[in-house]
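To start, the structure under review is shown below, and the notes come after it.
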Amino acid sequence: MSEYGIRLSRELTDGGMKWPEFAALLGGIGPDSALGRVIAIRSESDPERLKQFTPAQRKIRDEWIMKQLDETKKRSERGVAPGTDVEKALREIQNIFASM
């Protein structure tokens, strides 16, 4: 909302925006936005930077990791194999977040 004046999640779910446009706008979200800061916390992998995380930042990252593990387990239980459209879309989103 702070970047574009619209709620991207609503635009996509209401059918008003196609995936490529959504992905482009999502990729343009700045690192100083609330989402950008959360993404930076979730995707941080530098051990030295992780040591400097506050308890709140650790909680955000730990919850994200646990959610990813849970989703992987659920997909495996449903028989969703790596390389499927669901997996491809998830990787695209993760790559967008990681590049921010």
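Where a number appears in this text, it was derived from the coordinates with a stated rule and is not lab data. All values reported here derive from a predicted model rather than from experimental measurement.
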Quick one: length gained pulling Ser9 to Asp62 fully straight, 0.36 nm per residue minus the C-alpha distance?
16.7 nm
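Only helical DSSP H runs with n ≥ 4 go in: add -39500 (n - 2.57) per run for the chain, normalise by residue count and round the 222 nm mean residue ellipticity to 500 deg cm²/dmol.
Values: 6 runs with 68 residues, N = 100.
Value at 222 nm, helices only, nearest 500: -21000 deg cm²/dmol.
Based on Cα coordinates alone, diagonalise the gyration tensor for segment 8-98, multiply each eigenvalue by 5, take square roots, and list the semi-axes in whole Å, largest first.
Numbers: eigenvalues 120, 83, 24 Å².
Over the Cα atoms of segment 8-98, the semi-axes work out to 24, 20, 11 Å.
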